[in-house]
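Chemist: Below is the structure I would like to discuss, written out as structure tokens.
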Amino acid sequence: MTSELLSLTAAQAAERTRAGDLDPRELWDLYRERAGADDLGAYLWLPDDAPEMDASGPLGGVPLAVKDLFCVEDVPSTSGSRILEGYRPPYTATSVRKLVDAGAPMLGKTNMDEFAMGSSNENSGYGPVKNPWDESRVPGGSSGGSAAAVAAGLAPWAIGTDTGGSIRQPAALCGIVGLKPTYGAVSRYGMIAFASSLDQCGPLTRDVTDAALLFGQMTGRDPCDSTSLDYPADPRLPSAERLDGLRFGVPKELLDTEGIEPGVRAVFDTTVKRIEELGATVEEIALPHSGHGLAAYYVLAPAEASANLARYDGVRFGIRAEAPDLLSMYEETRAQGFGDEVKRRIMLGTYALSSGYYDAYYGQAQKVRTKIADDFRAAFERVDLIVTPTSPTTAFPLGARTGDPLAMYLSDVLAVPMSLAGIPAISIPGGLADGLPVGVQLAGPAFSEFEICDAAYALERAIGFGDLPWK
Amino acid sequence: MGRTLFCGAVIDREQVNHVARLARLRLTDEQAEQMAAELSKVLDHIEKMGELDLADVAPTSHVVELENVLREDEARPSWPRDRMLAEAPDADAEGFRVPSPGS
């Protein structure tokens, strides 16, 4: 019975609970027990008591793992940082509240790179997460705990956040589905801020249907986030079996990126053939400025982070280092509370915004961002969707890149351009390379999430990737 | 416009210490040394942006069509003071307590 329950996708489980064929409490107990026995480091906090179970909502009482970046009232919420140790927010993030209200009780808080800065989950202040496919390897990041939990069957589904690939890259490295929505589609209220013009939350799930189901309950304008928008379409589940009439574009500049592993390339090429077999056309397109995306991102995101993280000063929340005067207290608290990568980004951002460098760095990066968005707009005149590998490599060994920040940043080179343009993109498993999952990314114009899910669903069926490490 | 703006982008230890002071971070000598090397490598990559001539391009301010979002100016209850103060490392009944700003 247990393994039969475990093999259900979240949407299948919700269908059963809503029909009265499955007690949601049974699901809760199964996943709570598995989460409690987590030996991957995927979870940072689990509740002692089961919540009120209600299967009547659209999400059917199917429990949800939540990245520790989301504030949840009276629940430890640290964004993976020691500086927020002990912080229990007085309020709950809008996206979490909406999902709980729609019938997905919170199963636990998942591990992550500190303040979402990282691509391997090795920057967590609370220890790394192991990849369930190979425990000597990273799960990707920054939503590594959420991705590993879903891949290992420690959660039916999860939410994470994506600033420059932090949902899509760990989904790819863990062999699951991850959807980064259009900027503004989901409220950011209650997300502990990293880079406010880029941060978006979205689902990490076993399949595309689960992603569409969860996403459909997250959207909408929120008075508490003035950048959020009314979503222009009604939620729906994907059903496409063919891709007839769709035009796919393969961006030459991104595929020419140095460092795409041959195994990743092979899975990608096979996926492109499958897209054609399903009736779509595939053509090469140009995104001429996308090659500068990573450079622009590593100015803009650290610049915004350096401002957002100024609030951690030992006064209002989190930890404080004892010091004789106020300035030393600020400096000591931040020196002790932040990890190396967070310090690096704060330094980079402060430098880029400092007098004399602003135009050359921040100003230039904002212009590159305009050109990248223009490139995508022009491309979507010719094609409906853009397809790339999600990450240049499969999951790399723990420790392999910690000594080389730039090598780590290059993990997100294929994911960052979409973030800068604010457009939605999904990563789905395309196959295995040397026994490790390879992600394929589909991106579309703003607010095309359900069209992306339709295409991803047809492709998912054709690929037939049913593997999960515990199966 | 172009590469000239990026001259001297590689950052030395003195600049690192200056930026650390601006960011209210205390770095040890060893950390400052390592930071200078790591940031220089990243800045070297970022510097490639300078190759693009973007003099006539408008900088992005927002990625979706949205500007001047306003709301009614209505009074609403604020968060209870005691709940907010409960998260502070040091507070009394009325406010946050901090060490003296000193001399």
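The values are calculated or read from the model by the stated rules, or taken from the named source; none is laboratory data. Computed from a predicted structure; not experimentally measured. Note: ideal-geometry Cβ built from the backbone for every residue, glycine included; neighbour counts use all protein chains shown. Accessible surface areas use protein heavy atoms only, side chains included; no ligands, DNA or RNA. Shrake-Rupley method; radii C 1.70, N 1.55, O 1.52, S 1.80 Å.
Chemist: What lysines does A:K67 reach when the alpha-carbon gap must be under 27 Å and sequence neighbours fewer than 8 apart in one chain are set aside?
Modeler: Cross-link targets: A:K98, A:K109, A:K130, A:K180, A:K343, A:K471.
Chemist: Evaluate the Debye formula for chain A with equal point scatterers sitting on the alpha carbons, no solvent, and hand back log10 of I(q)/I(0) at q = 0.06, 0.07, 0.13, 0.14 Å⁻¹, in q order, two decimals.
Modeler: So the normalised log intensities work out to -0.23, -0.31, -1.15, -1.35.
Chemist: Now for a separate question. With the dipole of region A:291-364 worked out from charges on the C-beta (+1 for Lys and Arg, -1 for Asp and Glu) around the Cα centre, which of A:L300, A:L353, A:G337 lies farthest toward the positive end?
Modeler: It is A:L300, whose Cα lies furthest towards the positive end.
Chemist: Along its three principal axes, how long is chain B when you only count alpha carbons? Whole Å, largest extent first please.
Modeler: Between the extreme Cα coordinates on each principal axis of chain B lie 55, 46, 23 Å.
Chemist: Take the Cα gyration tensor of region A:23-121, multiply each eigenvalue by 5, square-root it, and list the three semi-axes largest first, rounded to whole angstrom.
Modeler: Numbers: eigenvalues 107, 50, 27 Å².
Square roots of five times the eigenvalues give 23, 16, 12 Å.
Chemist: Beyond 21 Å, how much of the Cα-Cα pair distribution for region A:349-471 remains, as a whole percent?
Modeler: Counting every Cα pair in region A:349-471, those more than 21 Å apart make up 54 percent.
Chemist: Something else: Give the lysines whose C-alpha is closer than 17 Å to that of A:K371, dropping any in the same chain fewer than 8 places away, or say none.
Modeler: Within reach: A:K252, B:K48.
Chemist: Another one. Could you give the length gained on full extension between A:A407 and A:A307, defined as 0.36 nm per residue of separation minus the Cα-Cα distance, in nm?
Modeler: 33.5 nm
Chemist: Could you tell me the center-to-center distance, by alpha carbons, between region A:178-193 and region A:379-418 in angstrom?
Modeler: Computed from Cα coordinates, the inter-centre distance equals 20 Å.
Chemist: Between A:D467 and B:N17, what's the calculated FRET efficiency when r is the beta-carbon distance and R0 is 51 Å? Round to 0.05. Could you put the intermediate results ahead of the total?
Modeler: Working: r = 51 Å, r/R0 = 0.99.
So the FRET efficiency works out to roughly 0.50.
Chemist: How many nm separate the modelled label positions at A:D244 and A:M53, each set 7 Å beyond the Cα in the direction of the Cβ?
Modeler: Those two pseudo-labels are separated by 4.4 nm.
Chemist: Placing +1 at every Lys and Arg Cβ and -1 at every Asp and Glu Cβ, with all other atoms neutral, what dipole size does chain B have around its Cα centre, in debye to the nearest 20?
Modeler: Here the size comes out at about 280 debye.
Chemist: Where in region A:189-233 does accessible area fall by at least 30 Å² between the isolated chain and the complete protein assembly, at a 1.4 Å probe radius?
Modeler: So the qualifying set is A:S226, A:L229.
Chemist: Okay, next question. In nanometres, what is the gap between the two model label sites at A:A400 and B:V64, each 7 Å from Cα along Cα-to-Cβ?
Modeler: Computed distance between label sites A:A400 and B:V64 equals 3.6 nm.
Chemist: Under unit Cβ charges (Lys, Arg +1; Asp, Glu -1), what dipole magnitude, rounded to 20 debye, does the protein assembly as shown have relative to its Cα centre?
Modeler: It comes to approximately 240 debye.
Chemist: Let me ask something else. Using only the alpha carbons of region A:291-364, determine the length spanned along each of the three principal axes and report them from longest to shortest in whole angstroms.
Modeler: 46, 22, 18
Chemist: Next up: Between B:A37 and A:R236, what is the label-to-label distance in nm when each label sits 7 Å out along the Cα-to-Cβ direction?
Modeler: 5.7 nm
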